[in-house]
């Protein structure tokens, strides 16, 4: 049947709310809702009786026990810290750290600077040039060939002369 009472309506009725005229007429006419209402009343009464039997906690005792536990934890933490880093150790750690900063860092920077100047420069390496076919394959930029096609006659002759001179130079070295 359309228009049955909702669970919220049953809860409101059980908690002492007054049913509206529509709800009252629906409960009288609908057997299903009347059956749910009659089955829910004893269950709600049983749950409410459990609340009455439960004693109220002693909040003063609870607060004092929590406070005592928190205080004991902080005292334990403070004594553990004092054991590991006692007052006699702290000045020694401060002196060691300041000595490291004052001596260690400048020394490291100076040695790093010396090593940097002792290395040979990368641009002055004396290596043999690769043969032309391997040189072409080694390059990743293939657009140079497009530029070669666009050369005029005089530029082509000049480029060919440069290639022949380079080839003669590599033959002499070998």
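The length gained on full extension between residue 151 and residue 75, counted as 0.36 nm times the residue separation minus their Cα-Cα distance, comes to 18.6 nm.
Pair-distance distribution of region 7-53: all C-alpha pairs, bin width 5 Å, starting at 0; shares per bin in whole percent are 4, 20, 29, 25, 12, 6, 3, 1. Shown is the FRET efficiency for residue 22 and residue 44, computed with R0 = 22 Å from the Cβ-Cβ distance and rounded to the nearest 0.05: 0.50. Take the Cα of residue 159, step 7 Å toward its Cβ, do the same at residue 11, and the gap between the two points is 8.7 nm.
Laboratory data are not the source of any read-out in this text; all were calculated from the coordinates shown. Here the structure is a predicted model, which is why all the values come from computation and not from measurement. Counting neighbours? That spans all protein chains shown, and the Cβs are built from the backbone with ideal geometry, glycine included.
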